[in-house]
Amino acid sequence: MPCIKIIDGIKIYVYARDHNPPHFHAIVAEFEELIIIESLETYSGKIPATHKKKVTQWAENNKPYIKKQWNKLN
């Protein structure tokens with residue numbers, strides 16, 4: 001499960017052989033949120049709102065990169 005990005009301490013992971021829909025994991029401290037790549041909606045879990053905003057801003061600008069990582073690992 002490679003960490004594909006760290007944003008102010010928030011680690012972004014794409015897991016190998018993970019379930020659909022295509023998503024990534026945002027982990028900060030004891031919080032984890034699974035975010036659907038295409039819509040950037042929450043699939044499961046929750047991270048603090050200030051962290052979520054940073055993650056979604058980054059993800060919005062990097063969807064092709066995240067999709068590429070998902071396709072490579074899944």
Residues located in the stretch 1-34, provided they are of a type in the set (Asp, Glu) and closer than 13 Å to Val55 by Cβ: Asp8, Glu32, Glu33
Only listed residue being crowded, with 17+ Cβ neighbours inside 10 Å and part of a helix (DSSP H, G or I), chosen from Ile4, Ile66: Ile66
Over the stretch 11-47, the set of residues among the aromatic types (Phe, Trp, Tyr) and within 15 Å of Asn62 (Cβ to Cβ) is Tyr13, Phe24
When residues of the stretch 18-55 are limited to those that are under 24 Å from Asn74 (Cβ atoms) and among the small types (Gly, Ala, Ser), the one surrounded by the most Cβ atoms within 10 Å (Cβ to Cβ): Ala26
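Every number in this text was worked out from the coordinates using simple rules, so none of it is lab data. Please read these numbers as outputs of a predicted model, since none were measured by experiment. Neighbour counts are summed over all protein chains in view; Cβ atoms, including those assigned to glycine, are modelled from backbone coordinates with ideal geometry.
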